[in-house]
Amino acid sequence: MTNKKVAVLDITSDVITLVMQDKKFADSFAFHASANYSGYQDGEFLDKSELIGAVESLIESCTKTAFAEPEEIMVGVPAEFTSVFCKEIVKNFGAVRTVTEKDVDEIIAGEPPEAELKTVISASPVWFTLDSGNAEIVPVGKQTAKLTCQMSYVFCVNSFIALFDKISEMTGVRFEYAPAMLAEVMYIVPEEARDTGVLLVDAGYMSTGVAYAYGDGMLGQTSFSLGRGHLAGDLMFVDKMPFENAAAVVDKLNFNLHPTGGEKYFVSVGGESFDYDIVHTNDVCSARVEQIAEEIVVAAASFLFRLPSDYKIMLTGSCFQGIPGAKDIVRRVTGHETEIVGPVLKPFDKPRFASLAGLIGVQRKNLEKAEREKFGFIYKLKEKLFRRTNR
């Protein structure tokens, strides 16, 4: 097979998704499929053999269905396996002059820091500071004798890389690694929100990632093992529901309902109908949502820097998707303006696809960069016309 393409592998705490995109046409996908698996918790995969089998099966299915094997797969590393370290990089010019794109590129390409049992998989500038003390997201074209950059480095634990390098060898497909939260920061969070700072919360099925996004990077990132599955788990524990019933009830949740006459949630499982009291069910599940909101506050307070008192929260991921009133509970508990955001990329235009859509955006940018380098002047001119500029 010579028709090789590139793909992204999104790894959430309950589902693995492989998407092959076309090198020539943006938003064109030759293959996409998902596989359920046991997931991860507290920085550990619960069943590594199952994980390996799921990834192998997706790659095999992709090759057979699309009649093309992936040439390279970008693996999105979840927040539970990554950490962020920020460092100032100073470039002295010796005299006042205009900052060029080459100056910025040299700072970004500098030697990354090292950490025990971890590897840097991303380096991105958060902001630049000029002699005047002014902070700039885009310093190109500004006058200064010294350029100081706040660089954000994302580390991945080596055990994650070793595991997926093993899968790469088994499948014969080259892997590269990208931080899933940073992909969301760059391609899900609106640019104007990043430029003022925003707390991005990807609340998933069993895990929640929290990152403070600013400019084109992350100043801090952490995670905790709570999510939508814990709502179902509470119903199983409190009301002795079978898991399938509990999961179906969670899909029906509406915290905006305030019934007084014994109204019910009705679900159908295995061809049989069940009903559950709305007031009681909402009380059980809202308590868990409140706990998740409290953990978001704790996560934000754990960063080594002080967040603005009026920081905004942007929620994405599968946890609160389709649950009216959930974001209002988060807003009430945290005391911060809260908004649910999701991708605009079809067919992945739901909050639960945030990391997947972000990774597709990262890979698409890489493909366009490779195309520019291949064809030279025309693409360089196009980049200058469409690159990010100061507002």
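The values are calculated or read from the model by the stated rules, or taken from the named source; none is laboratory data. Because the structure is predicted, anything quoted here is derived from the model rather than measured. Here Cβ is always computed from backbone atoms with ideal geometry, including for glycine, and neighbour counts include all displayed protein chains.
Check Lys146, Lys166, Lys142 and return the single one that is among the basic types (Lys, Arg) and in the same structural domain as Leu359 (by TED's automatic domain parsing).
Lys166
Yes/no per residue for (1) under 30 Å from Gln150 (Cβ atoms); (2) among the polar types (S, T, N, Q); (3) modelled with pLDDT of 95 or more:
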residue: Leu226; (1), (2), (3): no, no, yes
residue: Leu235; (1), (2), (3): no, no, yes
residue: Thr260; (1), (2), (3): no, yes, no
residue: Thr281; (1), (2), (3): no, yes, yes
residue: Glu294; (1), (2), (3): yes, no, yes
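Can you tell me which of (1) without any contact (Cβ under 8 Å) to a residue 40 or more places away in the chain; (2) assigned to a strand (DSSP E or B) is the one Ala95 doesn't meet?
Of everything listed in (1) without any contact (Cβ under 8 Å) to a residue 40 or more places away in the chain; (2) assigned to a strand (DSSP E or B), Ala95 misses just condition (1).
Could you list, ordered by first residue, the pairs with Cβ atoms under 6 Å in which the first is in the stretch 16-27 and more than 13 Å from Leu345 (Cβ to Cβ) and of a type in the set (Lys, Arg) and the second is outside any loop (DSSP other than H, G, I, E, B) and at pLDDT below 85, at least 6 apart or interchain?
So the pair list comes out as Lys23/Leu367.
State whether the residues of the stretch 99-107 include one that is in a helix (DSSP H, G or I) and either among the hydrophobic types (A, V, I, L, M, F, W, C) or in contact with a helix residue (DSSP H, G or I) (Cβ under 7 Å, 6 or more places away or on another chain) (or both).
yes
Those residues that are among the charged types (D, E, K, R) and over 26 Å from Ile73 (Cα atoms), I need them from the stretch 323-370; list them, please.
Within the stretch 323-370, Lys327, Asp328, Arg331, Arg332, Glu337, Glu339 meet the criteria.
For Phe29, are the conditions met, namely being surrounded by fewer than 21 Cβ atoms within 10 Å (Cβ to Cβ), in contact with a Lys or Arg (Cβ under 7 Å, 6 or more places away or on another chain) and either in the same structural domain as Gly172 (by TED's automatic domain parsing) or closer than 30 Å to Pro139 by Cβ (or both)?
The answer is no for Phe29.
Which one is surrounded by the fewest Cβ atoms within 10 Å (Cβ to Cβ) among residues in the stretch 231-261 that are under 14 Å from Val289 (Cβ atoms) and out of contact with any strand residue (DSSP E or B) (no Cβ under 9 Å at 6 or more places or on another chain)?
Filtering the stretch 231-261 for residues that are under 14 Å from Val289 (Cβ atoms) and out of contact with any strand residue (DSSP E or B) (no Cβ under 9 Å at 6 or more places or on another chain), the one surrounded by the fewest Cβ atoms within 10 Å (Cβ to Cβ) comes out as Asn256.
When you scan the stretch 376-387, do you find a residue that is part of a loop (DSSP other than H, G, I, E, B) and modelled with pLDDT under 70, even just one?
Within the stretch 376-387, one or more residues are part of a loop (DSSP other than H, G, I, E, B) and modelled with pLDDT under 70.
Restrict the check to the stretch 63-72 and report whether at least one residue is in contact with a Phe, Trp or Tyr (Cβ under 8 Å, 6 or more places away or on another chain) and closer than 30 Å to Ser223 by Cβ.
Yes, the stretch 63-72 contains at least one residue that is in contact with a Phe, Trp or Tyr (Cβ under 8 Å, 6 or more places away or on another chain) and closer than 30 Å to Ser223 by Cβ.
Each row is one residue, and each column tells you yes or no for (1) polar (S, T, N, Q); (2) not assigned by TED's automatic domain parsing to the domain that holds Ile16.
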| position | (1), (2) |
| --- | --- |
| Met170 | no, no |
| Met206 | no, yes |
| Asp216 | no, yes |
| Met236 | no, yes |
| Glu244 | no, yes |
| Val249 | no, yes |
| Asn256 | yes, yes |
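Among the residues of the stretch 48-67, which ones are modelled with pLDDT of 95 or more and among the charged types (D, E, K, R)?
Once the filter is applied, which keeps residues that are modelled with pLDDT of 95 or more and among the charged types (D, E, K, R), the stretch 48-67 yields Lys48, Glu50, Glu56, Glu60.
Just to be sure before I move on: is Glu116 among the charged types (D, E, K, R) and surrounded by 13 or more Cβ atoms within 10 Å (Cβ to Cβ) in the structure I sent?
It is false that Glu116 is among the charged types (D, E, K, R) and surrounded by 13 or more Cβ atoms within 10 Å (Cβ to Cβ).
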